[in-house]
Amino acid sequence: SCPRLPSRCLRLSLALRRSAMACGTTPAGLPDESELRSHFESFHVLFESMHFRSGQGRLREQLETHLRRRDPAEQTQVSLEAARHLRLQVPLAVDDSARLDPTELLYKWAGDPASAGVAEEQLLGLLAEVEALMMVKPAPLVDLSLPVEGDDPRIVLVGDLHGQLLDALHILHTQGPPSRSCMYLFNGDITDRGSQAVEIWTLILAFKLRFPDNVHVLRGNHENRAINERPRSWGGGFAEECLDKHGLQVYEAFQRIFLQLPLFAVLQDEVFVVHGGLFRTPNVALERLRGLSCWQKPYPMPVSEEDEGQDWNEDEAILFDAQWADPHPMLGFRPSNRGRHIRTFGRDVTADFLAKNRLQLCVRSHEVPRSGRGYWFTHDSKLLTIFSASNYAGMIGNRGAVAVFRSATGENQADGDGQAAKVRQLGRLRVEVVEHDISLDSPADSSSVLRRARVASRAR
């Protein structure tokens, strides 16, 4: 279904409503909250539903044409199919002087995000090192605990960024960059739609090499070749971005890394994190997720629009739901507007999964919260959606958010700069949700970003 209001009208309605709420009044003639939620859902469904439509072969041909247009000398030597068999010709013993310094990148890009970028040789070296690091202990589920060092140990959970570098820089500014006391968990969908996903990945992976135990990334449905190779207007764009900025080796290296990304995380034995949602497969325990057989494969694709995934085995269904499922407010499982093969899960599914695995909260991302905020507590506050790309795709008008986990016995570190913060007590953890909108909240200068970058540099 298409939105009933143009995107500009939707953004104007949200701006007027926010202004009126700040003044304690209710604007007349504007859509109410339920109508706004309907518009947000319509936009998101419109974007995502195109992924499973026919035409992938035609899109592959268009991408190969794009490659030949970029470098005519390669047109008789390389195709996307042949490139899958290429391996990086980069030595793993990278010279320290050539290694990318994430704090220097943060320092530079905070001052001029539009000029962000690195040399292809440096990026290939970074990807080779990260690929080797991730192959040491590959696992579908990672268990994470709060850092033990520093005055304010915390875990910062980031939702969908979709190539929006300004949001990533803003989060690093407000929450501080990764360090020995600040762990980051990125919950997938870093790629596609936005134009600077390569730069976001460069920052994340460079910090991953510096603090391997304190930077983690889960795989989202957009860390996937089939959707990356669609045009940006169809919800993809990452393949085109890689080819425009660097080349095919960079793109193929990213694809290999994507298949090494875990799907699930458990924080302090209390919080379950997944990109999409919970599973149509009954009685899933954490131990089953730890031994998921197909986790290093792309999620299964439906044969047709009418296919409901009935031929998938249980592990394949778990792999798919982990990256595509959404919640609904009722009970049980229901079909999704995204496609007949996609399932939405009810509050009883969330409650049963948490109870079976002795957990207190499930955190997921994957969709713009229907309220237009950057977060959404639902299912009796047992399910939290975090979405970090504000004004998604340049048209939605939503806020972004991150979830910050600290010890329940620590002090509240909520910012006093006007950001909206929501705090929930769990067991040994406390979660604080901090919203942002880069059009409103970004600092006039980057001095604070630079100070934090220097602190992280000293913590090497």
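Just to be sure I follow: if Rg is taken over the C-alpha atoms of region 206-346 and Rh is the Kirkwood radius over the same atoms, what is Rg/Rh? Display every interim value, and only then the final one.
Numbers: Rg = 16.3 Å, Rh = 16.6 Å.
Rounded to two decimals, Rg/Rh equals 0.99.
Show which lysines lie in cross-link reach of LYS297 when reach means a straight Cα distance below 25 angstrom and same-chain residues fewer than eight apart are skipped.
Within the straight-line limit of under 25 Å, LYS297 reaches these lysines: LYS137, LYS208.
Determine by what factor the alpha-carbon radius of gyration of region 276-371 differs from 2.2 N^0.38 Å, reporting the quotient. Please list the in-between numbers first.
On the way: Rg = 13.1 Å, N = 96, 2.2 N^0.38 = 12.5 Å.
This ratio for region 276-371 stands at 1.05.
Counting only the heavy atoms of the protein chains, how much of VAL118 is accessible to a 1.4 Å probe, in Å² to the nearest 10?
Surface open to solvent at VAL118 totals about 30 Å².
Where a ≥ b ≥ c are the square roots of the eigenvalues of the C-alpha gyration tensor, would you call region 128-241 rounded, which needs a/c under 1.5, or, failing that, prolate if a/b is larger than b/c, or oblate? Walk me through the numbers on the way to the answer.
Working: a/c = 2.20, a/b = 1.54, b/c = 1.43.
Verdict is prolate for region 128-241.
Just to check, using Stokes-Einstein with a Kirkwood Rh over alpha carbon pairs, what's the diffusion coefficient of region 247-297 at 4 °C and 1.567 mPa s in µm²/s?
99
Under a Cβ-Cβ cut-off of 9 Å, what is the net charge of the residues other than GLY220 that fall near it, where Lys and Arg count +1 and Asp and Glu count -1?
Working: positive: ARG219; negative: ASP160, ASP189, GLU223.
Charge balance in the 9 Å sphere: -2.
Regarding region 145-199, what's the average projected area of the Cα-atom convex hull, expressed in nm²? Please list the in-between numbers first.
Values: hull surface 15.3 nm².
Result: 3.8 nm².
What would the Debye equation give as log₁₀ I(q)/I(0) for region 337-391 at q = 0.14, 0.20, 0.28 Å⁻¹, counting only Cα atoms as equal point scatterers?
Once normalised to I(0) and log-transformed, intensities are -0.43, -0.80, -1.12.
The values are calculated or read from the model by the stated rules, or taken from the named source; none is laboratory data. None of the values given here were measured: they were computed from a predicted structure. For neighbour counting, all protein chains shown are included, and Cβ atoms are generated from backbone atoms with ideal geometry for every residue, glycine included. Just the protein is used for accessible areas: all its heavy atoms, side chains included, with ligands, DNA and RNA removed. Shrake-Rupley method; radii C 1.70, N 1.55, O 1.52, S 1.80 Å.
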